[in-house]
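The values are calculated or read from the model by the stated rules, or taken from the named source; none is laboratory data. Only a predicted model underlies this, so the values are computations on that prediction, with no experimental measurement involved. Backbone-built Cβ (ideal geometry, glycine too); neighbour counts: all protein chains shown. Just the protein is used for accessible areas: all its heavy atoms, side chains included, with ligands, DNA and RNA removed. Shrake-Rupley method; radii C 1.70, N 1.55, O 1.52, S 1.80 Å.
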Amino acid sequence: MAALDHPERGLRGALVAGTNGKGSVIAMVRSVLAASGARVGTMPKPHLVSYRERIAVNGSALAPQRFADAIAAVLPAVDEVAARLGPPTEFEALTAAAICELARQQVDLAVVEVGMGGRLDATNVLDLGVAVVTNVQHDHERYLGSTLAAIGGEKAAIIKRGDLAVTGASGRGLRPILERSAALEVPLRRAGPRQAYEAKLRSSGWDGIVVDASSPQRRLRGLSIGLLGSHQAANAAVALATLEALADDAVRQGNPLALNDKTIRTGLARARWPGRLELIESERFGRVLLDGAHNPAGATALANALVELGVERPVLVFGAMRGKRVSGVLRALARVRPRPVFTSVADRHAHRPGELLARWRRIAEGGEVLPEPEAAMERAAELRRRSDEPVVVAGSLYLVGAARGILLGEQQ
């Protein structure tokens, strides 16, 4: 950032960490901010189909030439830093390019997802005014620690003096967040059951969920949210707390945000998040439900959603990356008694389908292997018992991205 004359200092918004729900919370917040008329920059990760998705304004990825220009603009700084300190990582260079581009486009707010953890993540160079930790669960233990307290400590490090903080964390992962907020005298908004920010589920279906939401400033009964799965109620509470924190920070900056009950209702009803419990209708494959569940907590949420949606014994196209708690993910999904077809994306970090089948056979019976995602999806479509039965694709966002590209004909 110093080599680029600190473009990050001109950005305000929210930095969002957490094991699960980061993308959903950002999708809700961005949609509401868009309904209020704000121009919002985001840095989604990982990308699903095109690398250009990593830098987006108002939900749209940069055009190819604009993306190329954004990368080219930081290459001299990359070379300068490399000469002194060694080469930056790809993610550091990309983060620098995204920050520069959002600053260049003078977005009203940046709502940025942390890559991994928080303390040592490249995005932690940002001090946007609002810091959010959605929740703390087990994931990336090799890098973040084996206990929830250790993982929570890594994520809590995005909270900086002068911030407004938000969390939906509970249990042992919450304590580091409480301690850091207190040490830095940062006011903390807590979301969840019996907290100041709460969203109680009323119904869940293929059109999304309906909740009764409350905060210190408002009561929103019958609030429709366009994302699938009852777990989105918890994310909605965090999103509401984040929105009110952003509004309070905007007042501090002398630039009030047009946030009201109408914009909240409109934005949440329109919220969409590709690849996360996303239903796509395909002439070739039928109904396909994409979900990036790649850790046990995410897989549990997917299993719960399938039960709520009345999907029994689903055909499951499953792939996973190394370094994940794959057996825990498979055990979480086993409760819905899926009929799995194991596959793999073209990535050296991906588990081989045969390895996944062997793990599955220690948990349940059945399962097939087809190395290519497209062939696996074709086989899954054949295994459906009814034409309206969805094929579920899960286990890795990289697999979900490959499937989405096949379904929609999207190009890299």
Relative contact order of the stretch 319-412, pairs being alpha-carbon contacts under 8 Å that are 6 or more residues apart, as %: 30 percent
Theoretical ellipticity at 222 nm over the chain - DSSP helices of four or more residues, -39500 (n - 2.57) apiece, nearest 500: -12000 deg cm²/dmol
Which label in (i) 1.18; (ii) 1.13; (iii) 0.96 gives the computed Rg/Rh (Cα atoms, Kirkwood Rh): (iii)
HN-Hα J in Hz across the stretch 200-206 - Karplus 6.51, -1.76, 1.60, θ = phi - 60°, x for Gly and Pro: 9, 5, 9, 7, 9, x, 6
Cα-based Lys pair tally, the chain, threshold under 20 Å, eight or more apart or on separate chains: 9
Average projection area in nm² (convex hull over Cα atoms of the stretch 49-162, one quarter of hull surface): 8.7 nm²
Protein accessible area in the chain, 1.4 Å probe - carbon and sulfur %: 49 percent
Efficiency of FRET between N255 and L383 - r from beta-carbon atoms, R0 45 angstrom, step 0.05: 0.25
D5/R221 FRET efficiency (R0 35 Å; Cβ-Cβ; nearest 0.05): 0.10
Sequence-distant residues sharing a close amide H with V341 (under 5 Å, placed H): L316, V317, F318, E368
GluC sites (Glu not before Pro), loop per DSSP, at most 16 other Cβ atoms within 10 Å - longest free stretch of the chain: 1-184
Under 5 Å, built H, 5+ apart or other chain: amide partners of R202: V210, V211, D212
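In percent, what relative contact order does the stretch 1-111 have, based on Cα pairs under 8 Å that are 6 or more apart in sequence?
It rounds to 38 percent for the stretch 1-111.
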Inter-label distance, nm, simple model (7 Å from Cα along the C-beta direction), E312/Q65: 5.7 nm
Label-point separation, N58 to E90 (7 Å along Cα→Cβ), nm: 3.1 nm
Backbone HN-Hα couplings from phi across the stretch 310-316 [Karplus 6.51/-1.76/1.60, Hz, Gly and Pro as x]: x, 8, 10, 6, x, 6, 10
For the chain, size of Cβ-based charge dipole, Lys and Arg +1, Asp and Glu -1, in debye: 1140 debye
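Anything in the chain that counts as a DSSP H helix reaching 24 Å or more along its axis (C-alpha) with Kyte-Doolittle mean of at least 1.0? List them, would you?
TM-like helix candidates: nothing returned.
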Cα centroid of the stretch 68-107 to Cα centroid of the stretch 337-377, whole Å: 37 Å
